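Q: Let me begin by handing over the structure; questions about it come next.
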Ligand code: 3PG
């Protein structure tokens, strides 16, 4: 059996408590209110895209590992834009978690959860926001100390009504709905007391990125944040 590249179960390295990591997620993502989910198709887009989002008001960025440029984009941003907060998204297993940590990620987002990945997240020094789509998955995470979750794909798995329904059995749990969130439903999600932030990619349409229309990305970002004032 292949061994994990980084496995901290036996490590002496200090790892923050799950409560401290939930508090950190509140600071990083909750304060940001919108978490842009970024997939880099061309290396040259990394800095201008991050700069456009930052100029529009978003300083906490999720870089997905679903493209070949994901890890290098995280490294580039950590070196070149230390004022931004950069997390890794689309982390699917413990190996990807280890790679994301090594690249300098400051937080981790996953689209769903496996018992192995959730356990690895407990031993990680980084806060991990697990993706869930059901009460059972929240319970799996809850048993390990997770209190912050990404609801994904939010619009397809119940949207605002699912968030409202989860408030009953899961007091103290807060969500980042992602998947189908757009300016026309953004405020409905953010009006829910158990929503800490929303995630999405609508502010960086692929065509705008390919054309280098950074001003439009900045403007759409700023308009979205203005909806939340
Ligand atoms: C994600 O992985 O979180 C989604 O791709 C973001 O969803 P959206 O593209 O519908 O905003």
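Q: Volume per residue, Å³, of the convex hull around the alpha-carbon atoms of the chain?
A: Cα convex hull per residue, to the nearest whole number: 120 Å³.
Q: Something else about it: For the chain, what is the mean residue ellipticity at 222 nm derived from helices alone (per DSSP H run of n ≥ 4: -39500 (n - 2.57); sum divided by total residues; nearest 500 deg cm²/dmol)?
A: -12000 deg cm²/dmol
Q: R0 = 30 Å: FRET efficiency of residue 210 with residue 160, Cβ-based, nearest 0.05?
A: For residue 210 and residue 160, the calculated efficiency is 0.40.
Q: May I ask you to sort 150, 206, 21 by Cβ crowding, counting other Cβ atoms within 10 Å and putting the fewest first?
A: By the 10 Å Cβ count, ascending, the order reads 206, 21, 150.
Q: With the calculation restricted to Cα positions, what are the radius of gyration and Dmax of the range 114-229 in angstrom?
A: When restricted to the Cα atoms of the range 114-229, Rg and Dmax are 15.8, 46 Å.
Q: Label 7 Å along Cα→Cβ of residue 182; the range 203-229 residues with amide nitrogen under 12 Å?
A: The answer is 203, whose backbone nitrogens lie closer than 12 Å to the label point.
Q: Which values, in whole Å and largest first, are the semi-axes of the equivalent ellipsoid of the range 36-129 obtained as the square root of 5 times each eigenvalue of the Cα gyration tensor?
A: 23, 13, 11
The numbers here are math on the coordinates, done by the rules we state, and not lab data. Everything numeric in this text was worked out from a predicted model, so none of it was measured. All Cβ positions, glycine included, derive from the backbone under ideal geometry; neighbour counts span all protein chains shown.
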